[in-house]
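Below is one structure, written out as C-alpha cells; comments come after it.
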Amino acid sequence: MLRKISRFLLKLFLWFIGLSILSVIIFRWVPVPVTPLMLSRYIEYWNEDNVGLSHDWVPIEEISENLQKAVIASEDDTFLTHNGFNFKAMQKAYEHNSKGKKIKGGSTISQQTAKNVFLWQGRSYVRKALEAYFTVLIEIFWSKERIMEVYLNSIEMGKGVYGAQAACQHWYHKNAKALTKREAAGIAAILPNPRKYNPVRSSSYIERRKGRIVRLMRYVKLEY
C-alpha cells in the first residue's frame, strides 16, 4: 500500500514538473489570455455592474519605453541584471515586516510575473515556494524582454483593468505606445495598490511617487 502511494505521488510530481515546464515554454511565444488573478477578481466583482474584465494583449513594441522604464524604476531597479531574485531587497522586506510594520514585499518583476501568470494570490509558504520555482523556470526559458512583455500585459493596473493597453485606455484614453514619462510614472506609482490609488486624480502621496519615478527613469537603460 505504501509503495503504491509512493509511486502515485512520484507520478504526480513528475506530471507537475512536465506540465509546468511545458506551460512555461508555450507562454514563451503565446500571449497569456487570462490569469488566476483576473478570474478571482471577476468573481469578486460579480455583483458590481460597472466593473468587468478589461484586458487587451499587445506586443512589447506597442508599449511605450516610458512605461517599461517606469516599472523598472518603481518596482525592480535590478531587473535587467538579476537572475529572478533580489536577495538584498528580500532581506530588507523581511527586516521591515519582522518589526511589525505594514507588510512590505521584496518581489522582483520576474517573481510578480510568475505569480500573476501561474499561481493564486496569498502568502502561504507553499505559494511562495511555487512562485520561486516558476520564477526560475521563466528566467531559464524566457528572455528579459519576454518577462517584461508578459508582466506589462498581465499585471493589475486598476479595478478590473489588466495590462498596459487596457490601463492606458482606462486612465488616459490613449494607446500604450503613446504614454508620456509622467503618465507612465503615474501608472507605475499606483501598482502597490491599483484598486485604491488613481494616477489621474492623484493624492499627494502618488504625486510624490510620480516625481521620484520620473527622476529615476533617466537612469534606466533598456538593454534586453
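Nothing in this text is a laboratory measurement; each read-out follows from the coordinates by a stated rule. In this text, all values refer to a predicted model and were calculated from it rather than measured experimentally. Ideal geometry is used to build each Cβ from the backbone, glycine not excepted, and the neighbour counts take in all protein chains shown.
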Handout entry: Mean Cα-pair separation over length for the stretch 99-224, i.e. relative contact order, pairs under 8 Å, 6 or more apart, %
Key = 17
Problem - Debye, to nearest 20: dipole size of the stretch 1-92, +1 on Lys, Arg Cβ, -1 on Asp, Glu Cβ - result: 1100
Practice task
Enter the per residue convex hull volume of the stretch 121-197, computed from alpha-carbon coordinates, in Å³ rounded to the nearest integer.
Solution key: 98
Practice task
Using a 10 Å cut-off on Cβ atoms, rank the peptides 55-65, 160-170, 201-211, 12-22 from the highest mean neighbour count down.
Solution key: 160-170, 55-65, 201-211, 12-22
Fill in the blank from the handout: Rounded to two decimals, the Debye log10 I(q)/I(0) of the stretch 163-224 (Cα scatterers, no solvent) at q = 0.18, 0.27 Å⁻¹ is -0.63, -1.20
Exercise for the section: Hand me the trypsin sites (Lys or Arg not before Pro) from the stretch 1-95 located in a DSSP loop with no more than 14 other Cβ atoms within 10 Å, in residue order please. Expected result: ARG28
Problem - Which of MET1, MET148 has the fewest Cβ neighbours within 10 Å, and the rest in rising order - result: MET1, MET148
Problem - Rotationally averaged projected area of the chain (alpha carbon convex hull; nm²) - result: 14.7
Practice task
For the stretch 107-149, state which trypsin sites (Lys or Arg not before Pro) are in a DSSP loop and have at most 10 other beta carbons lying within 10 Å of their beta carbon.
Solution key: ARG123
Completion exercise
Scalar couplings 3J(HN,Hα) for the stretch 204-209 by Karplus 6.51 cos²θ - 1.76 cosθ + 1.60 (θ = phi - 60°), nearest whole Hz, x for Gly and Pro, are 4, 5, 5, 4, 5, 5
Fill in the blank from the handout: If amide H atoms are modeled at 1.01 Å from N in the peptide plane, then the residues at a separation of 5 or more from VAL34, or on another chain, having amide H under 5 Å from its own are none
Practice task
Rank the residues THR35, THR81 as a footprinting-exposure proxy: fewest other Cβ atoms within 10 Å of their Cβ go first.
Solution key: THR81, THR35
